[in-house]
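Enquirer: Take a look at this one; I'll ask things after.
The values are calculated or read from the model by the stated rules, or taken from the named source; none is laboratory data. What you are looking at is a predicted structure, and each value in this text was computed from that prediction instead of being measured. Cβ placement follows ideal geometry from the backbone for every residue including glycine, while neighbour counts extend to all protein chains displayed.
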Amino acid sequence: MKSTNMLERLNEEIKRRTLVVRIFPNTESCLRLIRALCVETHETWLEDNPATFAMLRDNL
């Protein structure tokens, strides 16, 4: 399923970035990184697949 692959890719990117940082000073800093990645990924998805998202929105 395409949606599952998109979520798996996001999970892998979060895992990769958190491994780079390794130690977070607190929980909030980890959440900030994850939120930033989610926003970045969301913007990329909207730019890459505008027709797909428009079709999904119309079907709701």
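Enquirer: Collect the residues in region 12-51 that are over 8 Å from the mean Cα position of the chain (by Cα) and touching a residue at least 24 places away in the same chain (Cβ under 8 Å), keeping them in residue-number order.
Expert: TRP45
Enquirer: Name the residues in region 16-27 that are in a helix (DSSP H, G or I) and either modelled with pLDDT under 90 or surrounded by 10 or more Cβ atoms within 10 Å (Cβ to Cβ) (or both), would you? Step through it out loud before you land on a result.
Expert: Within region 16-27, the first condition is being in a helix (DSSP H, G or I), and the residues that meet it are 16-21, 27.
Once the filter is applied, which keeps residues that are in a helix (DSSP H, G or I) and either modelled with pLDDT under 90 or surrounded by 10 or more Cβ atoms within 10 Å (Cβ to Cβ) (or both), region 16-27 yields ARG16, ARG17, THR18, VAL21.
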